[in-house]
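Report on one structure; see the data block that follows.
The values are calculated or read from the model by the stated rules, or taken from the named source; none is laboratory data. As the structure is a computational prediction, the values presented were derived from the model and not from experiment. Every residue, glycine as well, gets a Cβ built from its backbone with ideal geometry; the counts of neighbours run over all protein chains shown.
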Amino acid sequence: ALDSCPQRRGVCTRVYTTTPKKPNSAMRKVARVRLTNGKEVNAYIPGEGHNLQEHSIVLIRGGRVKDLPGVRYHIIRGALDTSGVAGRNQRRSKYGTKRPKPGQVAAAPAKGKKK
């Protein structure tokens with residue numbers, strides 16, 4: 001469906017959750033995407049929480065999800081209409097999260113620590 005392209009743009013036609021194959025258990029977030037070349041594919045939405053709904057414009061890349069049958073693409077977070085994952089501090093580039101401000105970094109750990 002990518003036609004030898006690294007990424008492809010598309011429009012979400014349906015955003016839904018589905019369950020993985022045995023032995024795993026979860027509600028995985030998936031979107032049905034109509035690509036610019038007219039094909040329709042299922043694409044996985046990685047990370048915690050998302051802002052996608054019908055008619056959102058997304059960028060997809062290859063890469064299947066092993067425990068979801070028929071899902072062979074990933075949506076790229078932080079590109080086009082897809083927001084990055086909020087509150088993410090490690091592996092941010094994979095989830096399209098901007099670098100946090102220096103002031104916020106100091107405040108975040110203090111909240112969780114109890115001494």
(message) Take the residues in region 1-34 that are modelled with pLDDT under 90 and surrounded by 11 or more Cβ atoms within 10 Å (Cβ to Cβ); name whichever of them is farthest from residue 70 (Cα to Cα).
(response) 5
(message) With the structure loaded, tell me whether residue 62 is more than 19 Å from residue 79 (Cβ to Cβ) and either in contact with a helix residue (DSSP H, G or I) (Cβ under 8 Å, 6 or more places away or on another chain) or of a type outside the set (S, T, N, Q) (or both) or whether it fails that test.
(response) no
(message) Among the residues of region 57-82, what is the count of those that are under 14 Å from residue 96 (Cβ atoms), modelled with pLDDT of 90 or more and either surrounded by fewer than 17 Cβ atoms within 10 Å (Cβ to Cβ) or more than 12 Å from the chain's Cα centre (by Cα) (or both)?
(response) 1
(request) State yes or no: is residue 37 surrounded by fewer than 16 Cβ atoms within 10 Å (Cβ to Cβ), under 24 Å from residue 86 (Cβ atoms) and among the polar types (S, T, N, Q)? (result) no
(message) As an exercise: evaluate residue 49 against (1) surrounded by fewer than 15 Cβ atoms within 10 Å (Cβ to Cβ); (2) modelled with pLDDT under 90; (3) touching a strand residue (DSSP E or B) at 6+ places or on another chain (Cβ under 7 Å) and give the number of the one condition it does not meet.
(response) (3)
(message) Within the chain, considering only strands (runs of 3 or more DSSP E) that don't extend past its boundaries, which have at least 3 residues that are without any contact (Cβ under 8 Å) to a residue 24 or more places away in the chain?
(response) none
